[in-house]
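Below you'll find the structure I mean.
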Amino acid sequence: MSPLYIIIPVQFVLFLAFAMAPYVTRKSENFGVKTPEEQFSSPMMRALRKRYVWQCGLSTVAFTIPVVAVSSAALAAAPLAAPAGRVGI
């Protein structure tokens, strides 16, 4: 089984967890800083949350592509295992 079947779903779940964090926290907390609840829906905070989601997505893609490339290259370079009972032929 290819490690890519594990890496890509895990990366996707991590992206969702990080990207949704500012939306599921209390309205009185923005990025770990206590603020008045009215600030949650201000245009500045909405823009910050939106930019944060984009940055999470771009960094997820930026880190996933090299991992996929390296693991694909490693799988392609790895010799196939010999069938059982036919060692050395």
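The values are calculated or read from the model by the stated rules, or taken from the named source; none is laboratory data. Predicted, not measured: the structure shown is a model, and the values here were computed from it. Heads up, the Cβs are rebuilt from the backbone with ideal geometry, glycines too, and the neighbour counts pull from every protein chain shown.
Among the listed residues PHE63, PHE40, identify the single one that is among the aromatic types (Phe, Trp, Tyr), within 21 Å of the chain's Cα centre (by Cα) and not in a loop (DSSP other than H, G, I, E, B).
Matching residue, one of PHE63, PHE40: PHE63.
How many residues, within the range 17-48, are exposed (fewer than 12 other Cβ atoms within 10 Å of the Cβ) and either in contact (Cβ under 8 Å) with a residue 24 or more places away in the chain or closer than 30 Å to ALA73 by Cα (or both)?
Final tally of qualifying residues: 2.
Please pick out the residue among MET20, MET1 that is modelled with pLDDT of 90 or more and closer than 30 Å to VAL67 by Cα.
MET20
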